[in-house]
Every structure is written in C-alpha cells, then in structure tokens.
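In what follows, a single structure is set out as structure tokens and then discussed.
Any read-out appearing in this document is the output of simple, stated calculations on the displayed coordinates, not a laboratory observation. Quick caveat, the model's predicted, so the values are computed rather than measured. Glycine gets a Cβ as well: all are built from the backbone with ideal geometry, and neighbour counts include every protein chain shown.
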Amino acid sequence: SQQGEEDPQALSIQEGENATMNCSYKTSINNLQWYRQNSGRGLVHLILIRSNEREKHSGRLRVTLDTSKKSSSLLITASRAADTASYFCATDRGGSGGSNYKLTFGKGTLLTVNP
Amino acid sequence: DTAVSQTPKYLVTQMGNDKSIKCEQNLGHDTMYWYKQDSKKFLKIMFSYNNKELIINETVPNRFSPKSPDKAHLNLHINSLELGDSAVYFCASSQDGGWDSRNIFGQGTRLTVV
C-alpha cells in the first residue's frame, strides 16, 4: 500500500488565492514533510511537522497534522505565479537505532498559479 | 556553493551499457540516499547509506550498485542498462536518519536508455 497520497492531483488557481493540498497516509509516523519540485529540478524541503505537533507555520505556508485521521494539509496563502510547482508530502516512519529509516513520498499535487 | 551535487545532469546511453552517476554533499551530513523518479513523477527510495554503511536497499535489481568511498560521496553504478531504467535519479542527504531527517536533494540526473 502506498504511504502518503496527496489530493488533489492537480490544482489551478489565480494569483492571490489560497491553495490547499491534502496528504493521507496509512501507518504511524515520526514526522511528515512537505517538499516542492519545480519542473525539471530537484525537490526542495519546505516544512517538517513532528507527530506530536498539530500545526506549523513558515512564512506563507501553514501545515496541519491530524494523526488520528492520518492526514496532513498544506496551505499556501496569497499564492504567486512563482509557487507553480509540484508539491509532495513525505512520511518518516523512523526505524531502530535512528538511522534505519526512510522517507516515503506521495505522488504529488501539481499546483498551477495563474497570473 | 552547491550543497548536494550530482553528475552528469543528463545521460543518454544504449541498452546493455554500464554507467555511473556521481553524488557529493558538502553539508557534513551522515546519511545519503538515491531516489528514482519515474515518468509519472513517483519518487521512490532506492538506497540509503549512513557513514558509508548501507542501511536500506529497497528491492532494487542487483544491476544497481551504490558505492560510498566516504560519507560525503555516494555514487550509483548501473550495469546492463535496460529501457525501464529510464528515469530521473536524485541523490539526497540528511543530517542523520533519525531526529533531523530533512532531505536535501541534488538537481537530478535524467537517464535515457535507448
């Protein structure tokens, strides 16, 4: 089963609007992370929220985590054309000894912000 | 200064060839990774190394062999390339595999097998 599934798969909005993307996962986690990928580029880490946190802010980004529902949301406020990218959530389930862990990525949400 | 750099950026090669992709990080991180992103943008971990030691091998064909000469480098060697190996390969690193698992990614290597 796939850990970390985002919805919607694609989202198109106008500049200035808010964009909300959701992520669901299946197993318990240590933390959940959001990444952005511009076309043809590497992923850029945006924000990390730990399993004992419920909400986190970073600039125009707001992330929530509901471990009872195994879901997270990423809100981008006052969107800009430069926010156009794919957004991925990734779950860290941890492992024994702290080093035997991996990030499991979802398939991403393609956000298009129209000027 | 590039934090995680991988070379080459593009690689076009014929089926059956052997090729290598190099990765270096200058962040002093302990853990390095290789990911494969397919044509549908699905990103999947292949390997992770912690201080030159293989930690994770995600059922990758043994044609793929990672090599870590030191903790700042993790190279990926691929033997007998197949059409299905065409993808974008990302190297990444993190401070450690536990408390701070934020991955810093390289820019990717687009491998095309013809």
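Which of the peptides B:74-82, A:51-59 is most tightly packed, and how do the rest follow, going by the mean number of other Cβ atoms within 10 Å of each residue?
Details: B:74-82: 18.1, A:51-59: 11.6.
Highest-to-lowest ranking by the protection proxy: B:74-82, A:51-59.
Within straight cross-link reach of B:K41, meaning Cα distance under 22 Å, which lysines are found once same-chain residues fewer than 8 apart are removed? Once the sequence-local lysines are set aside, what remains near B:K41 is A:K26, A:K102, A:K107, B:K9, B:K22. With an 8 Å cut-off on Cα pairs and a minimum separation of 6 or more residues, tell me the relative contact order of region B:7-114 in percent. Dividing the mean separation by the residue count of region B:7-114 yields 36 percent. Each of B:N79 and B:S39 was given a label point 7 Å from its Cα along the Cα-to-Cβ line. The distance between the two points is 2.8 nm. With the charge dipole of the protein assembly as shown set up from +1 on Lys and Arg Cβ and -1 on Asp and Glu Cβ about the Cα centre, the Cα lying farthest toward the positive end among the listed residues B:V114, B:S93, B:T13 is that of B:V114.
So if R0 is 45 Å, what FRET efficiency would A:R50 and B:R110 give, r being the distance between their Cβ atoms, rounded to the nearest 0.05? Mind showing how you got there, number by number?
Working: r = 34 Å, r/R0 = 0.76.
The pair A:R50/B:R110 has a calculated efficiency of 0.85.
In chain B, the DSSP beta bridges split such that about 90 percent are antiparallel, to the nearest 5.
A Förster radius of 41 Å, combined with the Cβ-Cβ distance separating A:N18 from B:T2, puts the computed FRET efficiency at roughly 0.80. May I ask for log10 I(q)/I(0) of the protein assembly as shown at q = 0.17 Å⁻¹, from a Debye sum over the Cα atoms as equal point scatterers with solvent left out? Evaluating at q = 0.17 Å⁻¹ gives log10 I(q)/I(0) of -1.24. Considering only alpha-carbon pairs that sit under 8 angstrom and 6 or more positions apart, the relative contact order computed for chain A is 37 percent. In this structure, A:R41 and B:N26 have a Cβ-Cβ separation that, at R0 = 22 Å, corresponds to a calculated FRET efficiency of about 0.70.
Here the spin labels are modelled as points 7 Å beyond Cα on the Cα-Cβ line, and at B:K67 and A:S28 they lie 4.1 nm apart.
Can you tell me how chain B classifies by the Cα gyration tensor, rounded, prolate or oblate, using a/c under 1.5 as the rounded cut? Prolate is the answer for chain B, as a/c is 1.5 or above and a/b outweighs b/c.
Residues B:S93, A:S12, ranked from the fewest to the most other C-beta atoms within 10 Å, line up as A:S12, B:S93. Maximal additional length on extending the A:T67-A:D7 stretch stands at 19.9 nm, based on 0.36 nm per residue less the C-alpha distance.
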